[in-house]
C-alpha cells in the first residue's frame, strides 16, 4: 500500500512529541476534559507522568491576569481518558486546582521523587456564589505494573534528548515567570491590574464622548 507522508510520521516505539502542543483542556465549569472548546473526552480521571512544568502569568479564555501552571505530561498506560498513548500532552492548571497539585507534590516528596510516579487528576464538584464548579483533586502513587515501569524508561530516553516544551498558541498571552520571587510576582499582578483598570477607563471615556 502506498504511503503519503504530509505531517510526518509517528515513531513506532517510545514517546512522541507532536510538532505543535497537543493541548488538553480541563474545563472546570462542567468538569470534563476537552480538546479545544467542544470535543469532550471520555473518562474522568487523568493518569499522567509529568515531564515538565512552567509557571506562567497572563490571560487564557475568560480568566485574566492569573497565575497558571503549564503542565507537560504523558498519559499513563491505563489512563481512562482517551488521549493518544505515549504522546506528549499539555494542560494549564490554575487557582484551587493548582494549590491542590502543589500540596500533592510536597506530600509525595517525603522520601520519594514525584517525577518517577503517576499523578492522577480527577474533577471534584464545588459550590460557590456563582453556582456549581469543579476543581482538580490530585493524588500521586508509585508505578504498579510492568507497563508503567516500561513507560518510565521510554520517558527517560525521551527527556535525554533535551526536547523543547513550548506552546506557541498561548505565547502572546502568557509570560513565563519561572524563578521569580513573590515580590516580583506581586508587582507583576499589580501592574497588570492597573493596566486593565486604565484601559477600562479609557474605553468608558471614549464611549461617553461618542
For residue 34, work out the one condition from (1) in contact with a strand residue (DSSP E or B) (Cβ under 8 Å, 6 or more places away or on another chain); (2) in a strand (DSSP E or B); (3) closer than 30 Å to residue 181 by Cα it doesn't fulfil.
(3)
Out of the residues in the range 11-26 that are part of a strand (DSSP E or B) and closer than 24 Å to residue 94 by Cβ, state the one that is farthest from the chain's Cα centre (by Cα).
22
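So that you can scan it fast, the table gives a plain yes or no per residue for (1) surrounded by 15 or more Cβ atoms within 10 Å (Cβ to Cβ); (2) touching a helix residue (DSSP H, G or I) at 6+ places or on another chain (Cβ under 8 Å); (3) within 27 Å of residue 179 (Cβ to Cβ); (4) touching a residue at least 24 places away in the same chain (Cβ under 8 Å):
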residue	(1), (2), (3), (4)
22	yes, no, yes, yes
46	yes, no, no, yes
66	yes, yes, yes, yes
69	yes, yes, yes, yes
Does residue 56 satisfy the criteria of being surrounded by 15 or more Cβ atoms within 10 Å (Cβ to Cβ), within 12 Å of the chain's Cα centre (by Cα) and farther than 22 Å from residue 158 by Cα?
yes
Flag for residue 99 being assigned to a helix (DSSP H, G or I) and at pLDDT 95 or above
yes
Please verify whether residue 202 is at pLDDT below 95 and either surrounded by 13 or more Cβ atoms within 10 Å (Cβ to Cβ) or at negative phi (or both), treating the condition exactly as stated.
yes
Which numbered condition in (1) within 20 Å of residue 148 (Cα to Cα); (2) surrounded by fewer than 19 Cβ atoms within 10 Å (Cβ to Cβ); (3) assigned by TED's automatic domain parsing to the domain that holds residue 173 is the only one that residue 11 fails?
(3)
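The values are calculated or read from the model by the stated rules, or taken from the named source; none is laboratory data. The shown structure was predicted, so the numbers you read here are calculated from the model rather than taken from an experiment. Neighbour counts run over all protein chains shown; Cβ positions are idealised from the backbone, glycine included.
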